[in-house]
1. Where in segment 1-65 are there strands (runs of 3 or more DSSP E), lying fully within it, with 2 or more residues that are surrounded by fewer than 20 Cβ atoms within 10 Å (Cβ to Cβ) and touching a residue at least 40 places away in the same chain (Cβ under 8 Å)?
2. If Y359 passes every condition in (1) touching a Pro at 6+ places or on another chain (Cβ under 8 Å); (2) surrounded by fewer than 21 Cβ atoms within 10 Å (Cβ to Cβ) but one, which one does it miss?
3. Exactly one condition in (1) surrounded by fewer than 17 Cβ atoms within 10 Å (Cβ to Cβ); (2) in a loop (DSSP other than H, G, I, E, B); (3) not hydroxyl-bearing (S, T, Y) is false for K80; which is it?
4. Within the bounds of segment 520-539, is there any residue that is surrounded by fewer than 20 Cβ atoms within 10 Å (Cβ to Cβ), small (G, A, S) and without any contact (Cβ under 8 Å) to a residue 40 or more places away in the chain?
5. Check whether at least one residue in segment 627-641 is in contact with a Pro (Cβ under 6 Å, 6 or more places away or on another chain) and buried (at least 22 other Cβ atoms within 10 Å of the Cβ), and report yes or no.
6. Might you let me know whether segment 615-624 holds any residue that is of a type in the set (A, V, I, L, M) and either in a loop (DSSP other than H, G, I, E, B) or at positive phi (or both)?
7. Mind checking which strands (runs of 3 or more DSSP E) fall wholly inside segment 829-907 and carry at least 3 residues that are more than 30 Å from I949 (Cβ to Cβ) and in the same structural domain as R701 (by TED's automatic domain parsing)?
8. Go over the candidates M578, M524, M583 one by one and state the one that is modelled with pLDDT of 95 or more and out of contact with any His (no Cβ under 8 Å at 6 or more places or on another chain).
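The values are calculated or read from the model by the stated rules, or taken from the named source; none is laboratory data. Not measured: the values here are computed from a predicted model. Cβ coordinates were reconstructed from backbone atoms using ideal geometry, including for glycine residues, and neighbour counts include every protein chain displayed.
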Amino acid sequence: MKIDFRIDWGYQMLYSRRHYHPFYHWDGHLECSDFSEMKLSMREYPPAWWGPCHSAVETPMDETQWKSTTRRKIAGIRVKAECAENAKFKLVTLSGTFEFSAADIIEKGHFSFPVGPKYAFCAVTVCRTGYLWFRPAPREEQKVFEAGDLALPQTNSHRMELAVLKPCKNFDMPLSMALPDAHNALCECLCHIQAMILKAELPDGENHAKAEIPMELLVNGKTVSSFTHYFRSHDGTVQMLEGVWARFPMDADIEKISLKNSNPDYPLYISRVSFESKVTKHLQMTLPPWALAGETLVGKIFALHNETVKIQTPDAVMKMDLSPGWNEFEFRLTEAGRNVKLSASAGKLEEEAFIKTVYALKDETPELMVGYDMTVVPHDKNGFMDWLLDYTSRTRLGNTVVFRNFRNAPSEDDFKRWGEFCRKHRIYAQSVNFHQNDTFPRAAGEYLHNAGRHEYPGVVYAKDPEKDSESADMKDAYERYIAFLKDDVDKVKAIGLRPAYGDASGGHRHCYLAGASFIRTETMVPHTQHICSLARPAAEALGKGDWGVHIAIQHAVQLYHEEHHLGQYFLSLYQPWMMGASMIYEEDSLFLLFKEERQCWDDALTKGKRDMTREFFRFVKTHPRKASPVRNIAFLEGRYAAPFNGFICGTEQDPHYSVWGKFGNNSPEWGHGQAEKCRHLLDVLMPGASVQPMRQRFEKRRFFFSGTPYGDFDQVPIEASDEYFKQYKLLLNFGWNTMIAGDYEKLKNFVHSGGTLFTGIPQFSTHVRRDFLKDMKELSLWNNGDLSEFCGVKILGRGNPFNGFWNAAGKEKFVTPELSRIPNDSPDEDGPCALADIEFSGAETVAWDADSGAPLIVRNKFGKGQVYLICAWAYPGHETLSELVSSWTVMLAEQHRGDSYVDDPSGEVFWNFREESPGVSKVMLLNTDWSSPGNEKTVTIHAGERKLICKVIERQPKIITVLPSAFIEAPAEIHLEILSGKGNQIKVRAHGAENAYILIHKEDKIEKIPVDFNEKPFSDLKQRY
């Protein structure tokens, strides 16, 4: 048999430069057990910043062996063979040997072999030529034409096989669609065209285009539908494959249909065309699939003609005059229930519809928002935007949308119509560039949640310092950056709107200090725990407490692997929710995906994420959170410290990239050096978390997710109030900090009231300039180094060298974590690590230099708390201090994580506690290992002297209810509400829709209790616990 397939190897990553990644050698050959002919071609993807979005260039080979090396890129071979059906293939390369069969290629079509470390993203992927693994098979009621089925010229461009419909030309398709047998109903044909436009005769990377394309559908030479779609590219040269929709009434069988491209300039490049018939009955209703008791809902009734109907709900009877088409009505359901019926009747005709579940639960305050950004949606009057907003409300896809327009401004009517729809349907609108005209804000009213640019604060990681405009010192950079943001924020405030930013910079505190009211934090670019642990305390301490997340899932890594991609998206939804985010939405790939082979509406990763988003919305609405997550540990974002996000964006960036980016300085001491290496030490709290532009061991680095061995934590801004700091038990002060009087008092108050401070000596420096980093000779310490009152010592000056060997009481019990850090350039890049000469005035030595016996860490009791001071004339991130500081961070984190904690041997489980009332808490857990669907991690939950061993399964949120006398373990779909009681007399109610069992873990016994939701969506547990 003939077989044609490709093998791709490697991976591509957008927000990380090539020099941060390992080389993979693929020199090798391909073996086949039974073939008569085999021809190979080398595949090279044209370099593209935005991803492997252009078709590979194939070069025929004379042999079946090759040389190939990748480093954060993708290459491969194409194979055309004549072989037996039972033939076996063996791909032999320097990076591994991979075996598969001809049957695998034919039957599976697409499969992968992971290569290297678990989270390295590298893989060998085998795919049958022309097989779109993500595209669903036609449904029974569909008639589908793939590109190759169309009687048009064929081409391959932008990684897709495409049929070319020339300007002002049309072509025929043999449809053979029978008119549905329906009475008193509207019969329509729905057409979905997946296509793009390109500049003809130019190669990928140069052929991208944007234009409105008018099109027509013709039946028997008669136009049945005329429609227009605006096609465009995104991210420079990435042309999008777009979904174009049209529908028209059917009044007879269709044997043949024609599509016309009415644009005189651009060919239409078609990937797929599908048709299906749709029947809508007179008085047919659509209702939300679920609801909360008491919320205002919108239902819809279809009418073929003018009609007066009676609508019956469990709470009311109303009359309504219908016009032809869909008609909306508002209603409320005051009582919870299952399969709640509504009916519409006119004369003898009656139609029924059901809401599957009405939950006896209330919204959080503020209301939690879930949704999407409309980056890929044309903001025009072709009808799709209107349909999409209706679809969002009708199917409960979410309750927030971001307007982000990429073409000419819409009309006044459009602004008004969309704003009014959002307000009427209680969809919270966000505006990136839709608020300069006041029509939309006025129409959306209170449902315009925020307004502000996307990634405007990103100049601190995406821009280089400007010549002749460099900052003189850290204070100057801090103030200039805030002024830069404030100038933009004030423009939004001036028109009476709530200023916000979509932001991945790590500069959350600076945005709030500039007057921003809300941050749409970007994930799947930086590490989720890192960026959210910055966003949350900044919002709580400097804003109004609410904060959001937008998920840039499609841009980060290619090639896409279905289970991995969806697993990462699941974590991107649930972890910010567990951390307290009040808004979570996807950036631009619920409808189109365009960074590799293009995906549209029905495909695996677009529809898969859309379905997951919809289910997540139902989950969070039916699992209201109480209290905030407990964070016993915080890392201090010091005075004038630069924003840090753990990823990079510029083409030439490396560890020497200036802190503060655009507002930095080109002098060498402004690079990411000793002061910034504190981020390596956070490896203890979130193992492997990416800290680019600094370097890490690639086999231990985790770009987007990792566990939290000592629980959820914050990166708290020094600008927070004394009161805010009181929630923490342990404060880690390791990075840049310019000490000022107010901050010194703040740290003293934190310790005096019972906190533990772990700090270095440079954190007491009063320097604002970075010149001293050249030799670290003069630290200009606060109060001339006299820290007697607070730290129990006087710092006299620089002492003898420290070579990294230390000792302490019980040294053998210390855990030395294996960090992911490696030097930026060389092990001695930070220069000699000197001790500090100190004079004791109350402190005690707890760790000392093993070579000299000189004090290395001292402890001083101050008020109710204590200070641990690292007595080194160097920042705690110094290469020589790594083992010492990380070991003591582990020890102190264990001491301060609290009596309620999770022991996770894998280090891959995220967890936190929420204390709802005295003795009652919820433990939230996520398995962050997305590499294997459904994998399990076994953890032990400790609550004082009690403990529970349980499993945390990938792609399942785990929530354990902890009571004074029991642990309650319920399926993820069930929400447990504490109704009343205390001690061992607590009354518990279970909310859900599917019958299940709840496990009560009490002492050494496990009680399995059934919960029945057949009649109502809640069940009170009979016993009290």
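1. On the way: elements: 2-10, 28-32, 35-44, 57-60.
Passing ranges, in order: 2-10, 28-32, 35-44.
2. In the conditions (1) touching a Pro at 6+ places or on another chain (Cβ under 8 Å); (2) surrounded by fewer than 21 Cβ atoms within 10 Å (Cβ to Cβ), Y359 misses (2) alone.
3. Condition not satisfied by K80: (2).
4. From segment 520-539, those surrounded by fewer than 20 Cβ atoms within 10 Å (Cβ to Cβ) are none; that's our starting set.
No, segment 520-539 contains no residue that is surrounded by fewer than 20 Cβ atoms within 10 Å (Cβ to Cβ), small (G, A, S) and without any contact (Cβ under 8 Å) to a residue 40 or more places away in the chain.
5. First pass over segment 627-641, keeping only residues in contact with a Pro (Cβ under 6 Å, 6 or more places away or on another chain): 637.
Imposing the further condition that a residue be buried (at least 22 other Cβ atoms within 10 Å of the Cβ) reduces the set to 637.
There is at least one residue in segment 627-641 that is in contact with a Pro (Cβ under 6 Å, 6 or more places away or on another chain) and buried (at least 22 other Cβ atoms within 10 Å of the Cβ).
6. Residues of segment 615-624 of a type in the set (A, V, I, L, M): 620.
Checking the rest, the ones that are also either in a loop (DSSP other than H, G, I, E, B) or at positive phi (or both) come to none.
So far as segment 615-624 goes, no, none of its residues is of a type in the set (A, V, I, L, M) and either in a loop (DSSP other than H, G, I, E, B) or at positive phi (or both).
7. Numbers: elements: 834-840, 844-849, 855-862, 865-870, 900-903.
The strands (runs of 3 or more DSSP E) meeting that bar are 834-840, 844-849, 855-862, 865-870.
8. Details: M524 fails: out of contact with any His (no Cβ under 8 Å at 6 or more places or on another chain); M583 fails: out of contact with any His (no Cβ under 8 Å at 6 or more places or on another chain).
When all the criteria are applied, what remains is M578.
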